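Participant: Have a look at this one.
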Amino acid sequence: MTRRTGIKELLALIAALALVAAAGEAAAQKGGQTPILSGPLVKLDIKEAQIETAKGKPKGTFRIAQHFALDPGWLDPLEHIFALTMQTYDYLVHDALIKPMPQGEATYSLAEHAELAADFRRAAFRLRPGLKFHDGQPLSTADVKWTYENYKGAHAKLFRDKLEHIQIVDDRTIVFHFKEPFLEFMDLYNGAVSGIGWIVPKHYYEKVGRDGFKAKPIGAGPYKFVSQQAGVQMDFEAWEEYWRRTPAAKTIVVKGIRDNAARLAGLQTGELDLAFGMTGKVLPQVMADKNLRWVPNFTSVWHLAFPGYNEPDSPFHDKRVRQAVSLAINREFLVRQETQGVGKVWGNWISPENRDALKGDGKDLPLPEHNIAKAKQVLAQTKFPNGFEFEWFVPFVPYFDMGERILTDLRAVGIRGKLQSLEGPAFRAKMGQGRKGFPGNRTIVQNIDPRPGGAKATIGVYAVCGSPASIVCEPQIEELWTKHEASKNLDERDRLNKAIQKILVEEYYMVPIYWNPFVHAIGPRVLPEGKGIERYYDTLHAPYPWPWEVWEVRADR
Amino acid sequence: MATILGRATEIGGVSRAARRSYSWVREIPLVPLLLVTVLVLAAVLAPVLAPHSHLDPVKPTPGQCQAKYGMADCPYVDNMPPFWFSQGTFATPLGTDYLGRDLLSRLMYGARISLVVALTGTLFAGAIGTLLGVLAGYMGKWWDQIIMRVTDAWLTLPSLVFAILLSSVRGPGVWNIVLILALVFWSRYSRAVRGEVLALREREFVRLAEINGVGKLKIIRRHLIPNVMNTVMVLFSLQVGVAVIIEASLSFLGVGVPPPEPSWGLMMAQERESLMQGKWWLAVFPGICITMLVLSANMLGDWLRVRLDPQLRNR
Amino acid sequence: MRKYVLLRGFYSLVTLWLLVTIIFAMVRLTGDPVAMKGEIGADATYLERIKHDWGLDQPVYWQYTGFIGNLLKGDFGHSFEKSLPVRDIYFERLPNSLKLGFAAFVISLALGVPFGMLSALKVNTWWDNAGKMIALLGLSMPGFFVGLVLIIIFGVQLGWLPVLGKGSSAFVWSNPATWAPFWFRDWPHLAMPAFALGWYFSGAMLRITRSGMLDVLGSDYIKLVRLKGVPERMVVAKHALKNSLIPVLTFAGLNLLIMVNVAVVIEVIFNWPGVGQLLYDGLSNRDFPMVQGVVLMSGLMIVMLNFVIDVLYGYVDPRIRLSR
Amino acid sequence: MGEPLLEVRDLKKHFPVGSSLLGGVQGWVKAVDGISFTIDSGETLGLVGESGCGKTTTSKLILAAEEATSGAIEFEGRNLAELRGRELMDYRRKVQVVFQDPYSSLSPRMRVGDIIAEPIETHEQVSRHEVRSRVAQLLELVGLRPDMSRLFPHEFSGGQRQRLAIARALSTNARLIVLDEPVSALDVSIRAHIISLLEEIQARLAVSYLFIAHDLAAVAHVSQRTAVMYLGKLVEVADSLELCASPLHPYTKALFAASLPSHPDEAREEIVLSGEVPSALNPPRGCSFHPRCPFVMPRCSEQEPSLSEVSPGRRVACHLYS
């Protein structure tokens, strides 16, 4: 009975979406007609926004569990961090000119039109008419300019150095002039990568100041900030005047709950509706619970790296040792134990969600093999025929169980180590320093990096010599990378990029494990009932289900 | 001289007193002693007694693999229940953990960690604290002022907080925990020992030694330290229990003994989720072990306190 | 007496200053907070900017003097991790900790004092042994073990009690209307963490009550009262209880402070948003100002209480003030 | 008579009162206020007084446990204040002490052999074997069995312990032993044994004793000469027999009255002291004894009497005799 109504609703919804999409397209063609810049333009791949007509009043309380403590700093786009966590709060309170949406990686939001000069020295935006902040004040190009000029977060120096001046044409039109060609501008200005595109209300920020804004921010996003307890909980309320649609849930409560078991308990007792990061020991229970649903939410690929491998005294200096490590890992069984078989054994360490990544499913790169006999055989040819003791196995926080499983696999071929269960920030600090973060050359790192910006971005962080977080530094790769950076030919770039990926995997500099499902568990109060919740996970490259205004929950009783 | 010699009654009293002092053997509390003995034996003889490795999974039979995963072969079978459940076997009497490792063997090796860490940590703390307390009490003046002000400040730091702080400086590891325990607990000793020494300093045997020109170090070594040992012993026995709990708490919070070593606190932390799935034994057994060890340490400590402090005989 | 109080006060200040210095030094040994905040792939200028924002680009002695100066003004600095002034966050959390602490305190008294009295009155009987056993169990079971067992039984299996956080009632300093409801609402949330925390202290409370009671019952004064033919019930209720509660209350005051300030493990397990959790978050994120602030506040409370106790005891017993 | 073994000249020890971190010195306690006496080789000098009169401070000064405020202590012709290093150690070796409480003066955690050997080990470089044999001799000397050296003090009775303390004091061939109320803590029946032991030892080894006690009769019995002390000052110094026969100072008389009951046929004035010992922090003007003295004269409250010789070897500080 319930199932049939569920399908009916789903059909109705799809029809509605199709209608809206068509309407949006028509509007876009109309809006995009008046050009701002003179001269030749780059053809931009920015999708049109879908404006959805009112669907009645927001209802119900939607309670989300973040898997670590909350930082009020996340509410301030001017101090945007590099990690993707912060976008959750951007998507709630703020809005960007362009941002990733289900329609595409770049989608018009506050802007309805954008242009980029072919010489990459000018970029222009036209804002939607009638935009407002939560306090009713209009959102104008002055706020866009002010935000750009006062931005201090990720990539701030690049934006500042490249800028010549900002020209406010009128309340809705703004042009950025750059000193030199700024090729990455549209990628970086996009809400996924930095905070500079998320518009902060100048008048309010100047009035309340930095602390005041973090304590009680306002923006132009779908949810108004209500209150917070630093680190513990943030409460948001639907802003019915949001331009794209009326938010579906009346109230959103985000709690910071580190403990997996506590999040699960919260779901089971009905104190939570959505919990992130529910793999490992809690997943079987999520799956077994008839009241709970879950989405696989594939993000990036687990892999092992060997910081300091290139020092001659490192046991991992020998390619065959790294190969033995790879051969020793029973990935099939690991996937079964850690993710109940949901994850996919994968042959590349870069996420297949990245447009330019080699596929690791056996087509571009082979599926990694599990063969203990062969591992022992390979190891027998090295300096360590019976294995050896390395220092620390450092897993990405908090996947310590998974780390211990891999550690146990390695013990089977005689490679023994201890697990270092760092806290998240400590882990990031060590990774951020690359090889320098792990002195001693005897460490294995179990990492995962859901980074936007394509395979190139990930390689640029970990696998080139110049990066602060560099783990791999090989002349062979360096040569290809230099060519890649110099090249203006997209095909050649793609070829070089893939050649580097191939070397990294074939030389076992990076040992891929499996494509990770960052499973989210969802409670019974989230609509639609039964299946259909996957639609909340349409935004590309997003570990979290943005945007929030679409989430529907049952009305509070 | 003849008038002096031959006080037979007095000399006879010697052996009576000596005999009396052995009667304490009968007062030893048996239950905690038994518990401690069992735990110590388990710890010492773990390599001999433990049925399986504490770090590697138990090799499963094809039948077990088939039953659990529907596979002909598997590296391990996780979460086997204890023997009294229908799926349990006597090969792994208390079941296996999430990595198919034998719980009983891990508990036995865990006893090693708990005992070694708690005992050595408390020992070091006792050594540092006693020394500083003696110095403060005996040397007086600015020694006393400095040591006691630092002790006071140290005592205001909550021990677990301090331990967490230190462990984030030193990183995880068994010997780091020992160091942490030593650095956290010394202040309890120095406080008590100083008080004791202040009283001892006025005792005549100490003044006698001073008058005789015995060096300060020697007075500390021969007169003061032996005479504060009662207090130190009592404190020691009471602190061991706390040290076990601190080690377990640190490991529970993930800043203690690093995996895969089986610290009881760590085992509880790792199996918190299993607890919620009804697999209570994985977290409850280590919890019981901790409780047993601390309980018996406290009971022995109490008994020792009563033994060594006559004022408390009837408490 | 005045001199004694002044001297004690001076010592307390020295203790506080040492505490401040120890914490300042220790926290700086735990690693570079900027590296923690900087995400993987962050560029150097971003890190420089954060460093400058946090004042970490200044020499250490300058940081130290600035830190002391700010402390004197009541400014604990900005939290690195939580981006707001430490003082604001601390005082936002403090009521939660107080609520948990008081509840645990009441439980520890309710369990400890009656059983302690019973033990003392029926010394060396079955009651006494049972009391001793309870006290020992309380001291021997780690809080997280008790907490986990409670969660599994009452939270998950029986489903009687919520397992997450403190419930929706919040204490807002600026809004007096929230003050009373905060204390009287959301008791189901409070039940388990308060019990797990109070249980540990009840053991200690039981012991103190028992020995205090034994002291008083063995005193000449009580013997005299008994000789006068006062009924035993009256002896206990009117004379013994009153006199034996003084050490209990002194000790209880310290315990209350400890419960308020260091319920780290319990707060982590039950996701209780108190200062203990704040401290734990601060420690794991190398949030120097947060850790400093929380530890100093707890230190301040303990030093102040010790000072008050010292002065009161000195007032009551002149020998104490001469002996120092 | 040659040079005295120990000569004390105008010795003073004043303690500050009220000095602390806050607030200055409020006054001085004159614990010892200008005393002089000598002890010859092989002689016993008794020092008597009520508790708080400065006996113990005097003994501490002689034992070099405190530094004198002024005055001199000369031992074998050398000033104690000028002794340093090796010389001071030699002094410490030659001047030993036996304390009142035999329970407190022996470390409960050491074997008695080690206790007795401690001064030897401190002052002499001798083999372990020799130490052991000397300990055995000493034990025998004080009337204990040599094999007892392996026992702990708590296995001995009070009298035996005091013997141990004496053995220890003798272990380094001391020239002067300060006996600080050596028998007051013992049972009456044992006192006599200890006293006769001390006398025998003195006869054999010719050591000098400074015998300190509050019991005048006992002191006078043991010592050749006796000094009576009151509020930090000596009030009478005399040959013990003379002192017993005819005490001059009213305070000495009072002490005799308070001591063991006098012999029925001894005709002696009985004086009963009234009032408390005045505070040493604020001693009375003039003669410090005058508030309690039955023979008080107007002069006593104004002028302080000096200790002057009334007959050869006999000195009294009282206006009655000047």
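The values are calculated or read from the model by the stated rules, or taken from the named source; none is laboratory data. Bear in mind the structure is a predicted one, so any value in this text is a computation, not a measurement. Glycine also receives a Cβ, built like all others from the backbone with ideal geometry; neighbour counts cover every protein chain displayed. Ligands, DNA and RNA are stripped out before the accessible areas are found, and what is left, the full protein with its side chains, is counted by its heavy atoms. Shrake-Rupley method; radii C 1.70, N 1.55, O 1.52, S 1.80 Å.
Participant: Distance in nm between label sites at D:Leu241 and B:Leu49, each 7 Å beyond Cα in the beta-carbon direction?
Facilitator: Those two pseudo-labels are separated by 8.2 nm.
Participant: Going by the alpha-carbon gyration tensor, a ≥ b ≥ c the square roots of its eigenvalues, is the range A:298-441 rounded (a/c under 1.5) or, if a/c is not under 1.5, prolate (a/b greater than b/c) versus oblate? Could you put the intermediate results ahead of the total?
Facilitator: Details: a/c = 1.42, a/b = 1.11, b/c = 1.28.
Since a/c stays below 1.5, the shape of the range A:298-441 is classed as rounded.
Participant: Against the longest principal axis of chain D, how steep is helix D:158-170, in degrees 0 to 90 to the nearest 10, with axes from Cα atoms?
Facilitator: Roughly 80 degrees, rounded to the nearest 10.
Participant: Now a separate question. Calculate log10 I(q)/I(0) of the range A:81-158 for q = 0.19, 0.22 Å⁻¹, where I(q) comes from the Debye formula with a single equal point scatterer on each Cα and nothing for solvent.
Facilitator: For the requested q values the scattering log ratios are -1.08, -1.41.
Participant: Could you work out how much longer the chain between A:Asp119 and A:Asn489 gets when fully extended? Use 0.36 nm per residue separation minus the Cα distance between them, nm to one decimal.
Facilitator: Numbers: separation 370, 0.36 × 370 = 133.20 nm, distance 1.55 nm.
Residue separation times 0.36 nm, minus the Cα-Cα distance, leaves 131.7 nm.
Participant: Then there is this: Rounded to a whole number, what is D in µm²/s for the range A:257-343 from Stokes-Einstein with the Kirkwood radius over alpha-carbon pairs (4 °C, 1.567 mPa s)?
Facilitator: Working: Rh = 15.7 Å.
Reported coefficient: 83 µm²/s.
Participant: Give me the accessible area of A:Lys502, 1.4 Å probe, in Å² rounded to the nearest 10.
Facilitator: Its accessible surface works out to 80 Å², give or take rounding.
Participant: Net charge near D:Ala238, counting Lys/Arg +1 and Asp/Glu -1 over other residues with Cβ under 10 Å of its Cβ?
Facilitator: Details: positive: D:Arg225, D:Arg314, D:Arg315; negative: D:Glu236, D:Asp239, D:Glu242.
With Lys, Arg at +1 and Asp, Glu at -1, the net is 0.
Participant: Something else about it: Subtracting the Cα-Cα distance from 0.36 nm times the residue separation, let me have the gained length for A:Gln476 to A:Ile51 in nm, one decimal.
Facilitator: Details: separation 425, 0.36 × 425 = 153.00 nm, distance 4.96 nm.
So the extension gain works out to 148.0 nm.
Participant: Could I ask something else about it? Take the alpha-carbon centre of the range D:119-154, take the same for the range A:421-459, and report the distance between them in whole Å.
Facilitator: Each part reduced to its Cα centre gives a spacing of 71 Å.
Participant: While we're here: Determine the sum of side-chain charges near C:Val230: Lys and Arg each +1, Asp and Glu each -1, restricted to other residues whose C-beta is under 12 angstrom from that of C:Val230.
Facilitator: Values: positive: C:Lys223, C:Arg226, C:Lys228, C:Arg233, C:Lys238; negative: C:Glu232.
Net charge in that neighbourhood comes out at +4.
Participant: At 222 nm, what helix-only mean residue ellipticity would the protein assembly as shown give, in deg cm²/dmol to the nearest 500, using -39500 (n - 2.57) for each DSSP H run of four or more? Please report the intermediate quantities before stating the final value.
Facilitator: Values: 53 runs with 714 residues, N = 1518.
Only helices count here, giving -15000 deg cm²/dmol.
Participant: Which whole-number percentage describes the relative contact order of the range D:149-207, with Cα contacts under 8 Å and a sequence gap of 6 or more? Provide the component values of the computation, followed by the final result.
Facilitator: Working: 20 pairs, mean separation 22.6, N = 59.
That works out to 38 percent.
Participant: How would you classify the range A:372-528 from its alpha-carbon gyration tensor, with a ≥ b ≥ c the square roots of the eigenvalues: rounded for a/c under 1.5, else prolate if a/b is greater than b/c, otherwise oblate?
Facilitator: Values: a/c = 1.69, a/b = 1.09, b/c = 1.55.
Because a/c hits 1.5 or more and a/b fails to exceed b/c, the range A:372-528 counts as oblate.
Participant: A 19 angstrom limit on the alpha carbon distance is what I want to check against. Which of C:Lys3/D:Lys12; A:Lys224/A:Lys250; A:Lys152/A:Lys214; A:Lys157/A:Lys488; A:Lys157/A:Lys179; A:Lys363/A:Lys498 exceed it? Can you show the working numbers first?
Facilitator: Details: C:Lys3/D:Lys12 30 Å; A:Lys224/A:Lys250 10 Å; A:Lys152/A:Lys214 14 Å; A:Lys157/A:Lys488 24 Å; A:Lys157/A:Lys179 14 Å; A:Lys363/A:Lys498 13 Å.
Over 19 Å apart, Cα to Cα: C:Lys3/D:Lys12; A:Lys157/A:Lys488.
Participant: Along Cα→Cβ, 7 Å out, is where each label goes; now give me the distance between the ones at B:Phe83 and A:Leu163 in nm to one decimal.
Facilitator: 7.4
Participant: What number comes out for the charge environment of A:Val526, summing +1 per Lys or Arg and -1 per Asp or Glu over other residues with Cβ under 11 Å away? Don't jump to the answer; show the numbers that get you there.
Facilitator: Values: positive: A:Arg63, A:Arg293, A:Arg525, A:Arg554; negative: A:Asp273, A:Glu529, A:Glu552.
Net local charge, A:Val526 excluded: +1.
Participant: To the nearest 0.05, how large is the calculated FRET efficiency for B:Val38 and B:Ala199 if R₀ is 41 Å and r is the Cβ-Cβ distance?
Facilitator: Working: r = 40 Å, r/R0 = 0.96.
Once rounded, the FRET efficiency stands at 0.55.
Participant: Over what distance in Å are the Cα centres of the range B:160-231 and the range A:478-557 separated?
Facilitator: Answer, in whole Å: 59.
Participant: Next question. Please work out the Cα center distance from the range B:41-86 to the range A:262-306, rounded to the nearest Å.
Facilitator: Taking the Cα centre of the range A:262-306 as reference, the centre of the range B:41-86 is 27 Å away.
Participant: While we're looking at this one, here's another question. I want to check the label-to-label distance for D:Ser311 and C:Val311. Put each point 7 Å from Cα in the C-beta direction and report it in nm to one decimal.
Facilitator: Roughly 6.6 nm, to one decimal.
Participant: Where in chain C are the helices, taken as whole DSSP H runs, whose Cα atoms extend 24 angstrom or more along the long axis and whose Kyte-Doolittle mean reaches at least 0.0?
Facilitator: On the way: long enough: C:2-29 (40 Å, 1.36); C:86-121 (49 Å, 1.03); C:187-217 (40 Å, 0.67); C:241-262 (30 Å, 1.50); C:288-316 (41 Å, 1.73).
Helices meeting the criterion: C:2-29, C:86-121, C:187-217, C:241-262, C:288-316.
Participant: Taking the alpha carbon gyration tensor of the protein assembly as shown, what are the square roots of 5 times its eigenvalues, largest first, to the nearest whole Å? Walk me through the intermediate numbers first.
Facilitator: Values: eigenvalues 1303, 256, 201 Å².
Three semi-axes, in Å: 81, 36, 32.
Participant: Per residue, how large is the accessible surface of the protein assembly as shown? Use a 1.4 angstrom probe and give square angstrom.
Facilitator: On the way: 62190 Å² over 1518 residues.
Per-residue accessible area for the protein assembly as shown comes out at 41 Å².
Participant: Under the definition of partner shielding as Cβ atoms of other protein chains within 10 Å of a residue Cβ, what is the mean value for peptide A:390-398? Display every interim value, and only then the final one.
Facilitator: Values: counts 0, 0, 3, 3, 0, 1, 0, 2, 1.
Mean partner shielding for this stretch: 1.
Participant: Moving on to the next point. If one takes the accessible area of chain C alone plus chain A alone and subtracts that of the pair, with a 1.4 Å probe, what total in Å², rounded to the nearest 100, results?
Facilitator: Values: alone 18040 and 23870 Å², together 38470 Å².
So the buried area, both faces added, is about 3400 Å².
Participant: If you count, for every residue in C:271-277, the Cβ atoms of partner chains within 10 Å of its Cβ, what is the mean?
Facilitator: On the way: counts 11, 1, 8, 1, 0, 3, 5.
What the average comes to for C:271-277 is 4.
Participant: Would you please give the FRET efficiency between C:Ser169 and D:Asn282, computed as 1/(1 + (r/R0)^6) with r the Cβ-Cβ distance and R0 = 45 Å, to the nearest 0.05? Show your work: numbers first, answer last.
Facilitator: Details: r = 66 Å, r/R0 = 1.47.
With R0 = 45 Å, the Cβ-Cβ based efficiency is 0.10.
Participant: Continuing with the same structure: Give me, ordered by chain and number, the residues 5 or more places off D:Thr38 or on other chains with an amide H under 5 Å from its own placed amide H.
Facilitator: D:Val8
Participant: Can you figure out the FRET efficiency of A:Asp313 with C:Asn70, using R₀ = 56 Å and their beta-carbon distance, to the nearest 0.05?
Facilitator: Numbers: r = 47 Å, r/R0 = 0.84.
The value I calculate is 0.75.
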